[in-house]
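The next block holds one structure in the form of structure tokens; read it before the comments.
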Ligand SMILES: Cc1ncc(COP(=O)(O)O)c(C=O)c1O
């Protein structure tokens, strides 16, 4: 048997690699797990109750309508209209089995092997991996020291093969929120070059401000170039139920649906029902969780203030701290290995998000309890 060279050349799942390191531990001390950006707390009660109820319904195990349950498309369009002061219609919403799948469907619909795509560095690794699986040439937009992408530099990367630019805001791994003015400039760039602007908004509820993240949907032509991606995983703490969405015009939704048909046929009904329950009955809970995670970020920044062990926070936001480690003489992989095996701190190496080793690691503080955040500096000091 022979495998796809494109797939063989990919790195292993960075999250899987982190979990494999945990298997090598011999220390008894409880681990501080700052690896995966996944809610470590249960969903709101109405969501749990609805999930249990759905299992008893006659159509629970049937395929849902392919673009998603009408009630979810409508509830999510309403939610977006509240969040962006927009006029999104249920038909603009394609429900997928998570935001990762939304990206895969959309990116595959937009590209052919040999085409080019632009990602902002440091990039979300699954975007990079999927584009490579598809045989798409990825061009990386290096941001300035403030970690903001520059639309003018992006213009210089566009060729006649470019099909899409992807922004992630707030970013994974940096946590940085891109100002709406910059997002609008990227939209103009996409429009003038007849390419797609994909905005992955998985962490939009975890921004510092609750004002609209952008006003792209106010442009009557937004459906020509804009595709906005969303996740219910973090907002309603249901990552395992796999539910997300792509929001775009008729052409984008129609083409992406063909890919979804092959990948999953449709998103799981149970996840969609959980998302509906969240949207209808857990909005206050959603705000409370976002505020709790903001408090954790402030606590994290305070505990990292004295640069424990020489670890320096370069940026933070949403679920993440993007942290420079103090040992550029070692590979970041080795630093991460020592942190987990010797100091019981699990992180993701920055090399999962960059093409070169820049002595960075990602710390998902949102996974921790407040007391665990307080414990972090002493563990990092041991390393230093
Ligand atoms: C930027 C970004 N997009 C997408 C996802 C995946 O979201 P989902 O669980 O909805 O597939 C993640 C999860 O970590 C993410 O960080």
Q. Where does each of 227-233, 87-93 land if you order them by average Cβ count within 10 Å, highest first?
A. 227-233, 87-93
**Q.** segment 182-231 - Debye-derived log10 I(q)/I(0), Cα point model, q = 0.18, 0.22 Å⁻¹
**A.** -0.57, -0.81
Q: Could you calculate the contour length gain from residue 337 to residue 181, that is, 0.36 nm times the residue separation minus the distance between their Cα atoms, to one decimal place in nm?
A: 52.2 nm
Q | Euclidean distance between Cα centres, segment 204-246 to segment 251-295, Å | A | 10 Å
Q.
For the pair residue 194/residue 57, report the inter-label distance in nm, with labels modelled 7 Å from Cα in the Cβ direction.
A. 4.4 nm
Q | Amide N of segment 292-312 lying under 14 Å from the label point, which is placed 7 angstrom from the Cα of residue 27 along Cα→Cβ | A | 309
**Q.** Potential lengthening between residue 1 and residue 48 on full extension [0.36 nm per residue; Cα-Cα distance subtracted]
**A.** 12.5 nm
Q | Helix-only mean residue ellipticity at 222 nm for the chain, each DSSP H run of n ≥ 4 adding -39500 (n - 2.57), per residue, nearest 500 | A | -12500 deg cm²/dmol
Q.
Once you place label points 7 Å from the Cα toward the Cβ at residue 371 and residue 305, how far apart are they in nm?
A. 2.2 nm
Q | Rounded to 5, percent antiparallel among DSSP beta bridges of the chain | A | 50 percent
Q) Can you give the convex hull volume per residue for the Cα atoms of the chain, as a whole number of Å³? A) 151 Å³
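By per-residue mean of other Cβ atoms within 10 Å, what is the highest-first order of 190-197, 30-37, 287-294?
For the peptides 190-197, 30-37, 287-294, the packing ranking is 30-37, 190-197, 287-294.
A short reminder: the numbers here are calculations on the coordinates, not readings from a lab. Everything numeric here is computed off the predicted structure, so don't read it as measured data. Note that each Cβ is placed from the backbone with ideal geometry, even for glycine, and that neighbours are counted across all protein chains shown.
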